[in-house]
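Scroll down for the structure; my scribbles are underneath it.
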Ligand code: HEM
């Protein structure tokens, strides 16, 4: 007696769990959607190099918040010397006016839900 | 200490190699695609081979009644249904408690000489707490990591992330599991290093997995809380892997490749290591067999047939003689 049936059943479950993403994708998966910029955006550059923004935008926002809320200091100078108003709605969302196609597509595919827009307003959005 | 140093040195060499390799752009397609595939293949083949091919070939032993509670006996003796189950349901209960809450770790007792002098057996909760903190955090982290491997992100991954980041400390939010897993692994490692009795029985193979896991967790934490990585590009890599169209997007930091390579090493190492206790616990004869030796007859299936003469047959044979003597009969 080797209890082969039970062992095989256990191994099938193990294999199914290890390969979960593969069959999940086969059953329900969709394409990865890239964030889109508004078609009519005249600016060609972000406030910092794109690679930096992809990795660190949340940190930058956090430091903006700290400088505005704690120090009352509302301007921020980019690397190229250009002055920006340190504001989520009035700066980021002025260029990235399409929050749903930009911030949100990226965040939903990364599984993050920033709480910022519980309070901050998205001028063109529903909230 | 010698065996700890051995493990630490071996691990140090591995880590140094991985760090150096992760710097080389040319090796990225190997570290980012070939190695993860190879590691998962080794994991699957290795676990299946060891469980089905090695352990599964061993015959199921006679039920071992070495459990730690009263077995089912006469109706007025209270049986210990979970510690010494006599039914399949009881076995499932015992196994579930073992797998989910590590009940047996509470038996980690030590003898102590208390004033008196009195000899006392004191149970330690620390090992249990550290093991629970580590294993559950590990599970939650792996489940949360499914956000990289599912598009659209599976509901449980976002739900767990919200739960895990409940306190909303910092940006990005601190995950409670990250604190717990470092504390748990740290305790489990330091325990083996600083406790002389444990150091005595610890092998290099006990330290190595702890160092490996700790470094995976630390590189993950560095990426999230300190260095930051391009999560969107990493997701492209991950989705590429699971759809079998591997890509290595440019611009991913080298720390990620250290993280991923250490994970690949862990997966490939698992079937050869003590980490096989994961499937092993389900195949432990002292856990997975009901203690019903006295209620049911278990016959070794490959024994040569034995000619037996049962009591019923014997009674029937001598029925009249027994009756004549006035002795009691089962079937008068
Ligand atoms: C044994 C498996 C693994 C363990 C234990 C592990 C552990 C961790 C931990 C503890 C963190 C810190 C943040 C968090 O908890 O989410 C982390 C972050 C991370 N891990 Fe893993 N990891 C594993 C496998 C992987 C794999 C296979 C990938 C490949 C896609 C990966 C990619 C990442 C990335 C990109 C981050 C940074 C997340 C961020 O910046 O928010 N990990 N890992």
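Coordinate-derived values only; no laboratory data. All of these numbers come straight from a predicted model, not from anything done at the bench. Here the Cβ is made from the backbone with ideal geometry for all residues, glycine too, and neighbour counts use every protein chain on show.
Normalised size of the protein assembly as shown, defined as Cα radius of gyration per 2.2 N^0.38 Å with N residues, equals 1.34. Highest mobility in the GNM of chain B, judged by mean-square fluctuation with C-alpha springs under 10 Å and restricted to B:158, B:111, B:88, is found for B:111. Working note: Cα atoms of chain B, range along each principal axis, descending, whole Å: 99, 61, 41. Evaluated over the Cα positions of the range A:42-127, the convex hull gives a direction-averaged projected area, one quarter of its surface, of 6.0 nm².
Per-residue packing, averaged as other Cβ atoms within 10 Å, sorts the ranges B:97-109, B:174-186 into the order B:174-186, B:97-109, beginning with the highest. Of B:253, B:123, B:32, the residue with the greatest mean-square motion in the GNM of chain B, using alpha carbon springs below 10 Å, is B:123.
Between the range B:212-227 and the range A:47-75, what's the alpha-carbon centroid distance in Å? Centre-to-centre distance over Cα atoms comes out at 24 Å.
In the protein assembly as shown, the DSSP beta bridges split such that about 100 percent are antiparallel, to the nearest 5. Within the listed set B:38, B:157, B:120, the residue fluctuating most in the Gaussian network model of chain B (springs between alpha-carbon atoms under 10 angstrom) is B:120. Scaling against 2.2 N^0.38 Å puts the C-alpha radius of gyration of the range A:1-86 at 2.09.
For the range B:132-185, the Cα gyration tensor yields ellipsoid semi-axes of 19, 14, 8 Å (square root of five times each eigenvalue, largest first, whole Å).
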